[in-house]
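A short worksheet on the structure shown next.
The values are calculated or read from the model by the stated rules, or taken from the named source; none is laboratory data. Just so we're clear, the structure is a prediction, and the values are computed from it rather than from any experiment. All Cβ positions, even for glycine, are placed from backbone atoms using ideal geometry, and neighbour counts span all protein chains on display. Accessible surface areas use protein heavy atoms only, side chains included; no ligands, DNA or RNA. Shrake-Rupley method; radii C 1.70, N 1.55, O 1.52, S 1.80 Å.
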Amino acid sequence: MRRSIFVIFAALLLSIFGGWVQAQTQAQTQTQTQTGTPASASASVAASIRLATTTSTDNSGLLKFLLPTFEQKYGIKVRVISVGSGKAIKLGENGDVDVILVHSRPDEDKFVQDGHGINRRNVMYNDFVIVGPKADPARISTTRDVKAAIKKIAEKAAPFVSRGDDSGTEKLELRLWSEIGLTPKSGKDVWYFSAGSGMGEVLMLANSKQAYTLSDRATYAAFQNKIDLSIMVEGDVRLFNPYGVIAVNPAKSANINYQGAMRFIEWLISAEGQNRIADFRVGGEKMFFPSALLSPTPQSNPNH
């Protein structure tokens, strides 16, 4: 079912996205012909930008795949600060970075509404999964209902590792617990551990404890050969995971490279940037789906 829905969605996406790519390419070519330079390379900008981003884009290998293309084309070095989405947003609020790439939509909208950010754009999406030991002590692998799954984990007091780092992943996890009327606490509930770490480290910790955890699919795929955990729950609409990019308001600090941030955003949502995202694979499988043109909804998730 997952593959058949993916094929249908992929065909639709290819049709829409292909036409957009062609239009973007024609516009860029016309601009380059008129000016003799790439469409967005006419202005002089500082030689580097500071990008605060969720650990999933770093741990999965996506940034290592994307950034060299941008850096080589524009001569702008991207200095990555990989933290949870909450911390990335806080860095933006403090004016300590130029641009953020995160996956916590309510917090992203508030960041812009409060005047900290400018020009939020959809970039891509994927999904979350619950992974756990192959023995599956809580017996959750037979359900696609993520709330039913975590309720079973709590009832069985099966070990669970939380990010505990104010990340978009942790925010989703805590919201799910709240929706089933639970508030597990590390130190109070012996089965629940708060790691205070990024996704890769949490997967390694969950593996050592043979525990369950909530992970983005891309980071799990990147670590799959290092751990003995399997996907237990996937496909619930609640596990949809969109990413957005936002330039930090230059009024926050004189040190903010707004032009460089906008150059990066323009490239990321361009035909070239979106194609690079679509080309990224882990183990031969596409991990992120470009969404600059689309307004993705949980129903659009090709993984389900």
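Results, tabulated for the structure shown:
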read-out: Alpha carbon Rg of the stretch 80-183, scaled by the compact-globule rule 2.2 N^0.38 Å; value: 1.28
read-out: Å² of accessible area per residue within the stretch 100-257, as computed with a 1.4 Å probe and no ligands counted; value: 41 Å²
read-out: Relative frequency of Cα-Cα separations exceeding 20 Å in the stretch 55-124, percent; value: 32 percent
read-out: Entries of 77/209; 90/226; 110/134; 77/110; 151/209; 64/87 with Cα pairs more than 30 Å apart; value: 77/209; 90/226; 110/134
read-out: Furthest towards positive pole of dipole, 206, 186, 132, structure part the stretch 111-222, Cβ charges; value: 132
read-out: Percent breakdown of C-alpha pair distances by 5 Å bin, ordered from the shortest bin, for the stretch 120-168; value: 4, 15, 25, 21, 14, 10, 5, 4, 1
read-out: Peptides 199-205, 54-60, 182-188 ordered by average Cβ neighbours within 10 Å, highest first; value: 54-60, 199-205, 182-188
read-out: Virtual spin-label span in nm between residue 147 and residue 255, 7 Å along Cα→Cβ; value: 4.5 nm
read-out: Residue 71/residue 94 FRET efficiency (R0 35 Å; Cβ-Cβ; nearest 0.05); value: 0.90
read-out: Of all accessible heavy-atom area on the stretch 160-225, the percent that carbon and sulfur account for (1.4 Å); value: 47 percent
read-out: Under the Karplus curve 6.51 cos²θ - 1.76 cosθ + 1.60, θ = phi - 60°, whole-Hz ³J(HN,Hα) for the stretch 262-273, x wherever Gly or Pro sits; value: 5, 4, 5, 4, 4, 5, 4, 9, 6, 4, 5, x
